[in-house]
């Protein structure tokens with residue numbers, strides 16, 4: 001679980017709630033159910049219009065993924081690929097069949113199985129890169145959904161504010177109620193800003209980062225599998241794959 005997403009979300013909510021409680025207005029002044037319906041309901045309805053139903057229904061799972069995603073350990077993947085390269089270099093590609101049970105990543109298994117079955121390098125690379133492209137498309141669609149909801153929410157907040165102003169200005173018989181009416185009208189703008197900048201835009205950015213990290217790990221795997229298939233030296237493979245790791249995270253030479 002990525003604790004930073006949860007901590008950041010709770011911290012943002014806590015700061016907003018704490019600021020409200022420290023102010024002079026009661027917390028009830030910031031609660032308006034119709035405003036919430038306009039912002040949240042409107043943003044979701046707009047997202048349903050903009051995306052296929054299957055993509056929209058995946059929204060909860062995408063949100064959960066941003067909280068529970070387990071980042072791939074590049075060093076662990078590199079060590080495993082180097083170990084497999086040593087086995088293949090010493091005993092041949094067919095010897096890798098006995099190592100398949102130790103491989104956890106499905107993408108490594110798929111690539112190695114093609115190599116064991118005698119597929120050439122071009123075929124292996126084409127298949128694995130097609131898989132990368134499919135994953136990239138799914139990630140982009142998930143992020144686009146969050147981006148669009150973050151864009152729709154402030155717009156519906158403004159719509160709600162305009163609705164409130166129209167209702168307030170349509171009855172000016174009691175001037176003393178103008179201030180309260182204006183406050184209620186502005187709540188939808190606040191709701192729109194909160195939904196966008198606390199609920200969806202940060203998660204859209206997080207999903208983009210997670211996508212880059214996963215695709216980097218897959219690129220590393222593709223290059224590793226191709227090197228194993230070609231019989232490259234394990235030492236050379238390790239040095240090449242370590243270029244994907246931040247210099248401070250690389251193992252220091254003894």
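The values are calculated or read from the model by the stated rules, or taken from the named source; none is laboratory data. What you see is a predicted model; the values in this text were computed from it and never measured. Here the Cβ positions follow ideal geometry from the backbone for every residue, glycine too, while neighbour counts run over all protein chains shown.
Summary table below
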item: Sole exception among (1) farther than 21 Å from residue 231 by Cα; (2) touching a helix residue (DSSP H, G or I) at 6+ places or on another chain (Cβ under 7 Å); (3) surrounded by fewer than 19 Cβ atoms within 10 Å (Cβ to Cβ); (4) modelled with pLDDT of 90 or more for residue 42, by number; result: (3)
item: Residue in the range 50-72 that is within 22 Å of residue 164 (Cβ to Cβ) and surrounded by 13 or more Cβ atoms within 10 Å (Cβ to Cβ) present; result: no
item: Residue 78 vs. criteria closer than 20 Å to residue 218 by Cα and in contact (Cβ under 8 Å) with a residue 60 or more places away in the chain; result: yes
